[in-house]
Amino acid sequence: MSYDDAIEALSTDALKFVKDGFVVGLGSGRAATTLVKSLSSLIKTKNYSIKGVPTSLQIKLIAEKGDIPLVEADQVDHIDVVFDGADQIDSQRFVIKGGGGALLRENILFSLAKKVVVMADKTKFVKNFTRAVPVEVHPLARNSVTDAIKKLGGKAELRSLDRGYPFFTENGNIILDCDFGVIKNSKTLSQKIKQIRVFKYLLCQSKICRWKCRLKIID
């Protein structure tokens, strides 16, 4: 089964968590894009009254094209379920996210959510993390955060566009992709990064995080 086929199957299965009247958080990336298209079909088929809360302009445009009614995070006091993908999931069921650059907005939705459903195929699962941890920071904090990451044993690299220009999030922040090599203790690293007081990083654990993450896995 190809990645696209797996995500299509995951999206269809994930819709069982959606009920009429729900406020649904829409993550960013390929998995979320497929989910949004499936959600649009569900709304039209069952005539559901659903409100979607997007995490990025990219997903907002796709939702609008699918005629999904949208609201912003500051217009709701809760979100019934958030759907999103993952960059990597380790054997301790920690999740690295943020490859798409919507870190801060995703975390705002997660904090409002009663449930978070993470959609991932088997290629996302690893014993230990091997990819960089994305960290969103204010541009003025770039040097101080880079130094702090170095003290933790990591190497922070400014995320850039193809032509070398810095990548800016929709909040006007930059992203440092922090390479720690093979990460064997995700919980400890997570706690240490929190102490830097950066805007947001995305390294969470589905078993203990307060969003009540549910991992949806397909072989």
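For the stretch 71-82, state whether one or more residues are closer than 19 Å to LEU10 by Cα and assigned to a strand (DSSP E or B). It would help to see each step written out before you state the result.
Residues of the stretch 71-82 that are closer than 19 Å to LEU10 by Cα, as a first pass: 80-82.
Those still in the list that are assigned to a strand (DSSP E or B) too: 81-82.
Yes, the stretch 71-82 contains at least one residue that is closer than 19 Å to LEU10 by Cα and assigned to a strand (DSSP E or B).
Out of VAL95, VAL137, VAL116, which single residue is assigned by TED's automatic domain parsing to the domain that holds ASP177, in contact (Cβ under 8 Å) with a residue 24 or more places away in the chain and of a type in the set (A, V, I, L, M, F, W, C)?
On the way: VAL95 fails: assigned by TED's automatic domain parsing to the domain that holds ASP177; VAL116 fails: assigned by TED's automatic domain parsing to the domain that holds ASP177.
Sole residue among the options that is assigned by TED's automatic domain parsing to the domain that holds ASP177, in contact (Cβ under 8 Å) with a residue 24 or more places away in the chain and of a type in the set (A, V, I, L, M, F, W, C): VAL137.
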Practice problem: Working only within the stretch 96-117, note down all residues that are in contact with a Gly (Cβ under 7 Å, 6 or more places away or on another chain) and part of a strand (DSSP E or B). | Solution: ALA113
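Could you tell me how many of the residues in the stretch 118-140 are β-branched (Val, Ile, Thr) and part of a strand (DSSP E or B)? Spell out the reasoning first.
Looking only at the stretch 118-140, we keep the residues that are β-branched (Val, Ile, Thr), and these are 118, 123, 126, 130, 133, 135, 137.
Among the residues that remain, those that are also part of a strand (DSSP E or B) are: 118, 133, 135, 137.
Count: 4.
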Quiz item: Does ASN107 satisfy the condition of being modelled with pLDDT under 90, of a type outside the set (A, V, I, L, M, F, W, C) and touching a strand residue (DSSP E or B) at 6+ places or on another chain (Cβ under 8 Å)?
Solution: yes
Quiz item: Restricting attention to the stretch 187-194, does a residue exist that is at pLDDT 85 or above, surrounded by fewer than 18 Cβ atoms within 10 Å (Cβ to Cβ) and either in a loop (DSSP other than H, G, I, E, B) or on the phi > 0 side of the Ramachandran plot (or both)?
Solution: no
Quiz item: If you go through the stretch 110-128 one residue at a time, do you hit one that is closer than 22 Å to GLN58 by Cα, surrounded by fewer than 22 Cβ atoms within 10 Å (Cβ to Cβ) and not aromatic (Phe, Trp, Tyr)?
Solution: yes
Quiz item: If you scan the stretch 16-30, which residues turn out to be surrounded by 19 or more Cβ atoms within 10 Å (Cβ to Cβ) and in contact with a Ser or Thr (Cβ under 8 Å, 6 or more places away or on another chain)?
Solution: GLY25, LEU26, GLY27, SER28
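The rows are residues; the columns are (1) of a type in the set (A, V, I, L, M, F, W, C); (2) on the phi < 0 side of the Ramachandran plot.
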site: THR12; (1), (2): no, yes
site: LEU15; (1), (2): yes, yes
site: ASN47; (1), (2): no, no
site: LYS51; (1), (2): no, yes
site: SER56; (1), (2): no, yes
site: LEU61; (1), (2): yes, yes
site: HIS78; (1), (2): no, yes
site: ILE89; (1), (2): yes, yes
site: ARG105; (1), (2): no, yes
Quiz item: Residues in the stretch 31-54: is at least one in a loop (DSSP other than H, G, I, E, B) and touching a Ser or Thr at 6+ places or on another chain (Cβ under 9 Å)?
Solution: no
Exercise. Identify the residue in the stretch 83-95 that is of a type outside the set (A, V, I, L, M, F, W, C) and in a loop (DSSP other than H, G, I, E, B) and, among all such residues, is surrounded by the fewest Cβ atoms within 10 Å (Cβ to Cβ).
Key: SER91
Self-check item: Failed item, numbered, when ARG163 is tested on (1) under 15 Å from the mean Cα position of the chain (by Cα); (2) at pLDDT below 90
Solution: (1)
Quiz prompt | Tally of residues being outside any loop (DSSP other than H, G, I, E, B), touching a Ser or Thr at 6+ places or on another chain (Cβ under 7 Å) and surrounded by 13 or more Cβ atoms within 10 Å (Cβ to Cβ) across the stretch 153-186 | solution = 3
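The values are calculated or read from the model by the stated rules, or taken from the named source; none is laboratory data. As the structure is a prediction and not an experimental result, all values here were calculated from the model. We place every Cβ from the backbone using ideal geometry, glycine too, and count neighbours over all the protein chains shown.
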